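What follows is one structure encoded as C-alpha cells, with my remarks underneath.
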Amino acid sequence: MAGTRAALLAAGRAHGLVEADAETREILRVESGVPALGSELHGEVFPAEARLERAVSETKGCYTGQEVVTRMRSQASDGVT
C-alpha cells in the first residue's frame, strides 16, 4: 500500500497533485458536489436528489424503486419539478 501511494504521489506531482488530510479532502468533496454514503447518500435519498441519475440503469429488469425513478425521469423531461 505504501508503495502504491508513493508511486501515485510521484506520478501526480507533475500534474499538481499534493497530499491532503481528511478534513481538506472532505471540504473539496463537498465543494465539488460529490455525494458520500452516510452523509448525503442513505436509504431515504433518491438518485435524482443526489444528481446520480446516470448511475441508474434504464435497461435493467425490475428493481426496487424503479417505478419512482421512472416517474421522476418522466416529470423532469416534461419540465415538471
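The values are calculated or read from the model by the stated rules, or taken from the named source; none is laboratory data. Quick caveat, the model's predicted, so the values are computed rather than measured. Ligands, DNA and RNA are stripped out before the accessible areas are found, and what is left, the full protein with its side chains, is counted by its heavy atoms. Shrake-Rupley method; radii C 1.70, N 1.55, O 1.52, S 1.80 Å.
Against the chain, whose longest principal axis comes from its Cα atoms, helix 66-77 is set at around 90 degrees. For the chain, the fraction of 1.4 Å probe accessible surface lying on carbon and sulfur atoms is 57 percent. A cut-off of 5 Å between modelled amide H atoms, ignoring neighbours fewer than 5 places along the same chain, links Leu41 with Ala36. Rounded to the nearest 10 degrees, the angle from helix 22-32 to the longest Cα principal axis of the chain is 40 degrees.
Note that region 52-58 has calculated 3J(HN,Hα) couplings of 10, 4, 5, 7, 9, 5, 9 Hz, one per residue in order, obtained from phi through the Karplus relation 6.51 cos²θ - 1.76 cosθ + 1.60 (θ = phi - 60°); glycine and proline are x. Which angle between 0 and 90 degrees, to the nearest 10, do you get for helix 2-13 versus the longest principal axis of the chain when only C-alpha atoms count? Tilt relative to the chain: about 90 degrees. Kirkwood's formula applied to the C-alpha pairs of the chain gives a hydrodynamic radius of 16.0 angstrom.
Per residue, the accessible area of the chain comes to 84 Å², computed with a 1.4 Å probe over protein heavy atoms only.
Multiplying the residue separation of Glu49 and Thr70 by 0.36 nm and subtracting their alpha-carbon distance yields 6.2 nm.
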